[in-house]
1. On the protein heavy atoms, probe 1.4 angstrom, tell me the percent of accessible surface of chain A carried by carbon and sulfur.
2. Roughly how big is the A-B contact, given as buried accessible area in Å² (both sides, 1.4 Å probe, nearest 100)?
3. On a straight-distance basis, which lysines could pair with B:Lys132 in a cross-link, Cα separation under 20 angstrom, same-chain partners fewer than 8 positions away excluded?
4. What does the charge dipole of the protein assembly as shown about its Cα centre add up to, to the nearest 20 debye, if the Cβ of each Lys and Arg holds +1 and the Cβ of each Asp and Glu holds -1?
5. Grab the DSSP H runs of chain B that are 4 residues or longer, score each as -39,500 (n - 2.57), total them, divide by all residues and round the 222 nm result to the nearest 500 deg cm²/dmol.
6. Only Cα pairs under 8 Å and at least 6 apart count here; give the relative contact order of the range A:7-90 as a rounded whole percent.
7. What FRET efficiency comes out for the pair A:Met1/B:Glu183, r = Cβ-Cβ distance, R0 = 45 Å, nearest 0.05?
8. Which value, in Å², gives the accessible area per residue of the protein assembly as shown when a 1.4 Å probe is used on the protein heavy atoms?
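The values are calculated or read from the model by the stated rules, or taken from the named source; none is laboratory data. Nothing here was measured: the structure is a model prediction, and the numbers come from that model. All Cβ positions, glycine included, derive from the backbone under ideal geometry; neighbour counts span all protein chains shown. Keep in mind that these areas ignore ligands, DNA and RNA; they rest on the heavy atoms of the full protein, side chains included. Shrake-Rupley method; radii C 1.70, N 1.55, O 1.52, S 1.80 Å.
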Amino acid sequence: MYRIGQRVRVSARPHEGHHRTPGYVKGKIGRVERMHASFTNPETRAYGTDGLPKQPLYLVAFSQRDLWPGYRGRAGDQVYVDVFEHWLEVAE
Amino acid sequence: MSDHEHDHDHSHTPITNGGEPAAAARVRALEELLVEKGVIAREDVRARVDWLVSRTPADGARLVARAWVDPAFKHRLLADARAAALELGLDPGPSPVVVAVENTPAVHHMVVCTLCSCYPKALLGPPPDWYKSTPYRSRAVSDPRGVLSEFGVELEDEVEVRVVDSTADIRYLVVPRRPAGSETTGEEELAALVTRDSMIGVAVPAATAPAAS
């Protein structure tokens, strides 16, 4: 489990098949904004199983400038992305 | 097929689906198979389509207007949008959790689904085509201020733009800012100011209702 405010890194591991982690946040560091609830795992549910056990889903905040080097907006702009726990790692 | 004499005027051209797009043909084939295998019934498909086309942004607008006039309700809406919708007698839809995010003088939220087209259909109706388009889905996260500008929204520099990418089970609804000049406007008239696009976060409600289109 991760705490609200904790810094986390999204895993950059390769993954064959359906998953809900967008490529643009893989390997990036963000901050846990909230923990929504646990939901069935889309990676197994997509292939005819029940998707159990459920996986905790977090809302993670990323700074735009960490995602896009040439970002044109202001420094404080952010992207909030829902990421399942098994895609998160503790960031130093 | 036809073995009768032809001294009358009718066409023997087979009834086809004409220019049916490939995707539609694929969906139809899938539906046939699922029905044949007993996974779904035709009635389920019809009921689901009926439900979807019966949904409109008017329900989302009622939530927003109530939140504008009743701070305690706004608090409940931001804490649990599903419960707040039920409180107003609205249908929050099947399982996915709805989260309402509030625009303030300091933060402007804008919703996208970069992976597909996740959208709070129960409260906003079917998503507009542009919401499902690749240009919106890719540019909303990388150049939100540019996209907002193309929608006619120019934010002051001090406003933080917060893009929410609904990649999984949560559906997001933006509670836009109440327009200046609407302080004496009643709840029902306020609801008419709340457009679909303002609840996606790509528009800002005006103090007067948009002309009917």
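1. Details: 2400 of 4690 Å².
With neighbouring chains kept in place, the figure for chain A is 51 percent.
2. Details: alone 5720 and 12560 Å², together 16240 Å².
About 2000 Å² of accessible surface is lost on pairing.
3. B:Lys121
4. Numbers: 36 positive and 42 negative charges, 278 e Å.
Roughly 1340 debye, rounded to the nearest 20.
5. On the way: 11 runs with 93 residues, N = 213.
Result for chain B, helices only: -12000 deg cm²/dmol.
6. Working: 151 pairs, mean separation 27.1, N = 84.
Relative contact order for the range A:7-90 comes out at 32 percent.
7. Details: r = 44 Å, r/R0 = 0.98.
Given R0 = 45 Å and the Cβ-Cβ separation, E is 0.50.
8. Working: 16240 Å² over 305 residues.
Using a 1.4 Å probe on heavy atoms only, each residue of the protein assembly as shown averages 53 Å².
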